[in-house]
1. For region 135-192, take N as its residue count and report Rg(C-alpha) divided by 2.2 N^0.38 Å.
2. Compute a Gaussian network model of the chain, connecting alpha carbons closer than 10 Å, and tell me which residue from Tyr95, Tyr66, Tyr161 fluctuates the most.
3. At 25 °C and 0.890 mPa s, what whole-number value in µm²/s does Stokes-Einstein give for the translational diffusion of region 2-190, with Rh from the Kirkwood sum over Cα pairs?
4. Taking the 0 to 90 degree range and rounding to the nearest ten, how far is the long axis of helix 171-190 tilted relative to the main principal axis of the chain, both from C-alpha atoms?
5. Using DSSP to define loop residues, name the trypsin sites (Lys or Arg not before Pro) in region 84-119 whose beta-carbon has at most 16 other beta-carbon atoms within 10 Å.
6. Round to the nearest 0.05 the FRET efficiency obtained for Glu168 and Ser53 when R0 = 35 Å and r is the Cβ-Cβ distance.
7. Report, in deg cm²/dmol and to the nearest 500, the calculated mean residue ellipticity at 222 nm for the chain, where each DSSP H run with n ≥ 4 adds -39500 (n - 2.57) and the sum is divided by the residue count.
8. If packing is taken as the average count of other Cβ atoms within 10 Å, what order do 101-109, 49-57, 134-142, 19-27 fall into, highest mean first?
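Nothing in this text is a laboratory measurement; each read-out follows from the coordinates by a stated rule. Note that the coordinates shown come from a computational prediction; the quantities given were computed from them, not determined experimentally. All Cβ positions, even for glycine, are placed from backbone atoms using ideal geometry, and neighbour counts span all protein chains on display.
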Amino acid sequence: MFDKIFSFFSCQPIQSIDRIILGIGNPGKKYAGTRHNLGFAVVDSLAKDWNISFNQEKFKSLIAFYQFENKNVLLVKPLTYVNLSGEAAKKMLDYFHLDNQSLLIVVDDISLPVGKNRLRLKGSSGGHNGLKSIIKHLDSECFTRLKMGIGKNKDQDLISYVLSRFSEEEVPIVNNAIMSAKEMCQHWLCQE
């Protein structure tokens, strides 16, 4: 198995992955910057801070490897689109023989106001199709999720709303929320 991991990462050999941070979102420029892609925005920003890039494609995902506080971390952007995010999550956990506690999902949440983040160790999908898919594939609601508020718009249907971009007034609030989310991710990585 170690040979597979070595060839999979074109860098120094590693013996394992300790933690996975998976941002939920939709691939492609069409969806960049939308409310539904807040998970992608967080892992993209972490990758930028860590000076790494999503230059590998594996497990139906774009991935990037980093060593943080002596932990081997995989940043993940599934290519499955939001509704099938569980396929990627399950493949990675199985491949690296990890339990659900090694996984952090970063996801948008309409029940929280824009800019509000909430870390949960378990829970229902809250109606989010990406979380529904992960719960289904892992056969469990017990995994950590970092929910990021995108607010709710009663004047717009749900699909149009989550695929819309943040307003000019919301952008600085969202940028602060991304900064806070990165700190929360790093704090989670430091936990045993």
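1. In units of the 2.2 N^0.38 Å rule of thumb, it is 1.47.
2. Tyr95
3. 149
4. Tilt relative to the chain: about 30 degrees.
5. Lys116
6. So the FRET efficiency works out to roughly 0.75.
7. Only helices count here, giving -10000 deg cm²/dmol.
8. 19-27, 101-109, 134-142, 49-57
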